[in-house]
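Heads up, the thing below is written out as structure tokens.
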């Protein structure tokens, strides 16, 4: 994790809201063969109208965070990957199996930016308790990691915003300023409605 430099990794689980450890729990969700948007480890995701998984949308409910995928490709090879390549096809058009961190009590660390890859105006301690949207960004095909960030132009008390800001990530070297990391929970969650920021 690079603190203070423009190097987003999406939403990374660090613990549970009660302070207990997150120990790797995920839930399986289907991804349609041929789904046309890439999904990267750390991307916010949602359940689409057909019941399959898709990329999350800022300001809308999400089900959790994408954490990898497994499927059999058209050639019969079993694929285990941290990311889904847009428009991949599966053998027999069977849905792929995505692994999603969907517990609404998981706390994540996420880097802030202005939603367009620039620093923007950094968040301050007075923003703790407010809500903010994410910006999906561009993931890395080399690592499979997400490029999603916390959009520091959106913080407000609005209940439909995606994330709730809990605190500055206390990791050594992380300080308030450009491209800082913040601890958040998903506020506008499929399994728990959003609450107004304070």
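The values are calculated or read from the model by the stated rules, or taken from the named source; none is laboratory data. Everything numeric in this text was worked out from a predicted model, so none of it was measured. Please note: Cβ atoms are built from the backbone with ideal geometry, for glycine as well, and neighbour counts cover all protein chains shown.
Go through region 26-59 and report how many residues are farther than 16 Å from residue 191 by Cα and either in the same structural domain as residue 140 (by TED's automatic domain parsing) or not in a loop (DSSP other than H, G, I, E, B) (or both).
6
Quick one: residue 168 ticks every box in (1) crowded, with 16+ Cβ neighbours inside 10 Å; (2) more than 30 Å from residue 79 (Cβ to Cβ); (3) in contact (Cβ under 8 Å) with a residue 60 or more places away in the chain except a single one, so which number is it?
Status for residue 168: all satisfied but (3).
Report yes if some residue within region 76-94 is more than 24 Å from residue 22 (Cβ to Cβ), touching a helix residue (DSSP H, G or I) at 6+ places or on another chain (Cβ under 7 Å) and not in a loop (DSSP other than H, G, I, E, B); otherwise report no.
Checked region 76-94: no residue is more than 24 Å from residue 22 (Cβ to Cβ), touching a helix residue (DSSP H, G or I) at 6+ places or on another chain (Cβ under 7 Å) and not in a loop (DSSP other than H, G, I, E, B).
How about region 70-85: which of its residues are closer than 14 Å to residue 37 by Cα and touching a strand residue (DSSP E or B) at 6+ places or on another chain (Cβ under 7 Å)?
Those that are closer than 14 Å to residue 37 by Cα and touching a strand residue (DSSP E or B) at 6+ places or on another chain (Cβ under 7 Å): 83, 84.
Which residue pairs have Cβ atoms closer than 8 Å, lie 6 or more positions apart in sequence or on different chains, and pair a first residue in region 9-28 that is closer than 15 Å to residue 110 by Cβ with a second residue that is at pLDDT below 95 and loosely packed, with under 13 Cβ neighbours inside 10 Å?
Going by the 8 Å Cβ cut-off, there are no qualifying pairs.
Please pick out the residue among 113, 38, 61, 87 that is surrounded by fewer than 16 Cβ atoms within 10 Å (Cβ to Cβ) and either over 20 Å from residue 142 (Cα atoms) or in contact (Cβ under 8 Å) with a residue 12 or more places away in the chain (or both).
Result: 87 is the single residue among 113, 38, 61, 87 that is surrounded by fewer than 16 Cβ atoms within 10 Å (Cβ to Cβ) and either over 20 Å from residue 142 (Cα atoms) or in contact (Cβ under 8 Å) with a residue 12 or more places away in the chain (or both).
Please work out if residue 137 is over 17 Å from residue 106 (Cα atoms), touching a strand residue (DSSP E or B) at 6+ places or on another chain (Cβ under 9 Å) and modelled with pLDDT under 95. Outline the logic, then answer.
Details: over 17 Å from residue 106 (Cα atoms): yes; touching a strand residue (DSSP E or B) at 6+ places or on another chain (Cβ under 9 Å): yes; modelled with pLDDT under 95: yes.
The answer is yes for residue 137.
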